[in-house]
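Below: the structure, in C-alpha cells.
Derivation of every value follows stated rules applied to the coordinates shown; laboratory data play no part. Model, not experiment: these values are computed from the prediction. Cβ: placed from backbone, ideal geometry, glycine included. Neighbour counts: every protein chain shown.
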Amino acid sequence: MSIAVHTRIVRIGNSQGLRIPKPLLEQAGISDQVELEVADGRISIRPVPRARAGWAELFAAMAAAGDAGRTSEATGPTARSRRSKCGGFAS
C-alpha cells in the first residue's frame, strides 16, 4: 500500500526540517537514522543499514556448513607469533 501526504517545511533552530508521519516512517522501515540523497531535483530518504545486519544469518549458515570462520593463514605460525608479540595468547 502506498501512502502520500503533504507536509510543510518547518524551522528547527538555524535549519529546516520535515515532520514525517509515523505511518510513513513505519512503511519505509525508518527508525532513527536516515541517508539523504539529492538527484534530479528530488530528495531521497532511506534508512541507514544497521551495522552487523544479517550477521546472525551468516554465522548460522557458516556453523551449518562446519566453517568456524578461520583459515590456515589466520591460525598458522605467523599469526600465532603476531598474537604473542601483541600481548595475545600463543599456542
Note to self: I need Leu36, Leu58, Leu24 ordered by Cβ neighbour count within 10 Å, fewest first.
What the structure shows: Leu36, Leu58, Leu24
Next item on the list: With label points built 7 Å along Cα→Cβ from the Cα atoms of Ala28 and Met62, find their separation and express it in nm.
Entry: 3.4
